Amino acid sequence: MNTPYQPSNPDQKVEKGVLNSLFEKEDQSLLFSENNGKEKAQLESIIRKGIIHFYFCIDGTATFAFEPHYSREIIKGKNYFFYNPDKDLPFSLTLAPDTKMVFMTISLESLHKLFVHDALPLLNPENSNRKFYDERDIPPMLLLVLNQLLSIQLSESAQKLFYQGKFYELLSLYFSNRLPNTETCPFLNDEETVRKIKTVKEYLLKNLEAPPGLKELAKIAGLNEYQLKMGFKEIYGNTVYGFLLDHKLDNARILLDSAKHQVNEVAYQIGYTNPSHFIAAFKKKFGITPKKYLMKNLVR
C-alpha cells in the first residue's frame, strides 16, 4: 500500500541519513528522517495533491527544492504546512548534517472527519480548492510531543499504538494552537489583520515582564479593541493574556526540565513577583505543582 509521503525508495538510506516510517494507516502517515553524517543528505519525494503535508524541523536545517527554480529552507524550531488540491509537486529535500525532521500527512477528507463537530476554516467547501502554505514556530507543547517520538523506548508490539496516538495528538495540538507565521494564512481572509495581530503577539513576547494593557496593544496594532480580541482568539485559539500566560508557563516547564533552577527562580524569571501565584497557575495548567514536577524529572 502506498503512503501519501513516499520517497523514490521507501527503505533507502540517503548517504548517512535515515528514513523511518513510524505510523501508516490508509491516507495517514508519520515518518522521521535524520542525517547523522558529515555531508548533506538528500531525499526525493512528492507533495501529493489533496494530501495535507506537515514538516517539523527539530534540529538542524533542510532545504526544499521545487522545480525548476524555487527552494525554501526550514530551520530548527520551524514547521511547514503544504496543501495543493491541483497536482502532485515533486521536490528534493536536502538535510544538513545533524538535522532531524518529522513528517506527517493526512488527506483533507480524513481531517474533515476528525473535526466534523468543530470545523476548521480550511475545511470550508469554498476553501477546499485553495492552495495553502503555512510557516510556523513549533510551540513548546508540540515540540515536547515531537521529541517523545524520538526518545521513547517501547516494545515492538506497543510501538504502533504509541505512534498512532502521537499522530492524533500532534494534529490536535497543531490546530488548537493556531500559531501562524504565515505568508498566506488559512485561518483568516484578511491578511492585513493577520499581520497586525502577529505584531501584537511579537510585542507581547518581547515585553513578557511588563505587558501593556489591551487599549495600548490595540493602538500598537492599528486595530480597535474588539478587532484585536476577536482576531487574536481566532488565530491563536486564546485570549491575548491567556496566550501570554500559556507562553510563560510553557517556558517555565522548559526551565524546570533543565533541572538547573529552583521553583522560585523560575517564577521570577518568567515575570512573577509572587511565587505562590506562579505555583497556582502552573498547577492549574499542568495538573501538578512545579515542585512535584521538578522532583519527578530529577528521579527519572
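The values are calculated or read from the model by the stated rules, or taken from the named source; none is laboratory data. What you are looking at is a predicted structure, and each value in this text was computed from that prediction instead of being measured. With ideal geometry, Cβ positions are generated from the backbone for all residues, glycine too; neighbour counts draw on all protein chains shown.
When Tyr293, Tyr203 are screened for being touching a Phe, Trp or Tyr at 6+ places or on another chain (Cβ under 9 Å), within 21 Å of Pro140 (Cβ to Cβ) and outside the structural domain of Arg136 (by TED's automatic domain parsing), only Tyr293 passes. Considering (1) modelled with pLDDT under 85; (2) assigned by TED's automatic domain parsing to the domain that holds Ile288; (3) out of contact with any Leu (no Cβ under 8 Å at 6 or more places or on another chain), the lone condition that Thr182 does not fulfil carries the number (2). Please work out which residue is surrounded by the fewest Cβ atoms within 10 Å (Cβ to Cβ), limiting yourself to the stretch 19-50 and to residues that are of a type in the set (A, V, I, L, M) and touching a residue at least 40 places away in the same chain (Cβ under 8 Å). Going through the qualifying residues, I end up with Ile46.
The condition of being among the polar types (S, T, N, Q) and touching a Gly at 6+ places or on another chain (Cβ under 6 Å) holds for Thr193. Within the stretch 32-50, being among the basic types (Lys, Arg) and either under 30 Å from His112 (Cβ atoms) or assigned to a strand (DSSP E or B) (or both) holds for Arg48, Lys49. For Lys100, the conditions (1) among the charged types (D, E, K, R); (2) over 21 Å from Pro139 (Cα atoms); (3) part of a strand (DSSP E or B) all hold with the exception of (2). Please specify each residue of the stretch 217-252 satisfying the condition of being under 14 Å from Lys284 (Cβ atoms) and out of contact with any Phe, Trp or Tyr (no Cβ under 7 Å at 6 or more places or on another chain). Scanning the stretch 217-252 gives Gly242, Leu245, Asp246, Lys248, Asp250. Pairs meeting the criteria (first residue in the stretch 223-241 and on the phi > 0 side of the Ramachandran plot, second residue among the small types (Gly, Ala, Ser), beta carbons under 7 Å, at least 6 apart or on different chains) are Gly237/Ser176. Taking the stretch 63-100, which residues are hydroxyl-bearing (Ser, Thr, Tyr), within 15 Å of Leu43 (Cβ to Cβ) and either modelled with pLDDT of 90 or more or exposed (fewer than 13 other Cβ atoms within 10 Å of the Cβ) (or both)? Scanning the stretch 63-100 gives Thr63, Ser71, Tyr80, Thr94, Thr99.
Of all positions in the stretch 265-272, at least one carries a residue that is under 25 Å from the mean Cα position of the chain (by Cα) and either farther than 30 Å from Thr193 by Cα or free of Cβ contacts under 8 Å to residues at least 60 places away in the same chain (or both).
Just the residues that are over 11 Å from Phe91 (Cβ atoms) and either among the basic types (Lys, Arg) or assigned to a strand (DSSP E or B) (or both), please, taken from the stretch 63-74.
Across the stretch 63-74, the qualifying residues are Glu73, Ile74.
For the condition small (Gly, Ala, Ser), in contact with a Leu (Cβ under 6 Å, 6 or more places away or on another chain), at pLDDT 85 or above and part of a strand (DSSP E or B), what is the one hit in Ser21, Ser29? So the residue among Ser21, Ser29 that is small (Gly, Ala, Ser), in contact with a Leu (Cβ under 6 Å, 6 or more places away or on another chain), at pLDDT 85 or above and part of a strand (DSSP E or B) is Ser21. All conditions in (1) under 24 Å from Asn238 (Cα atoms); (2) surrounded by fewer than 16 Cβ atoms within 10 Å (Cβ to Cβ); (3) over 24 Å from the mean Cα position of the chain (by Cα) hold for Lys284, with the sole exception of (3).
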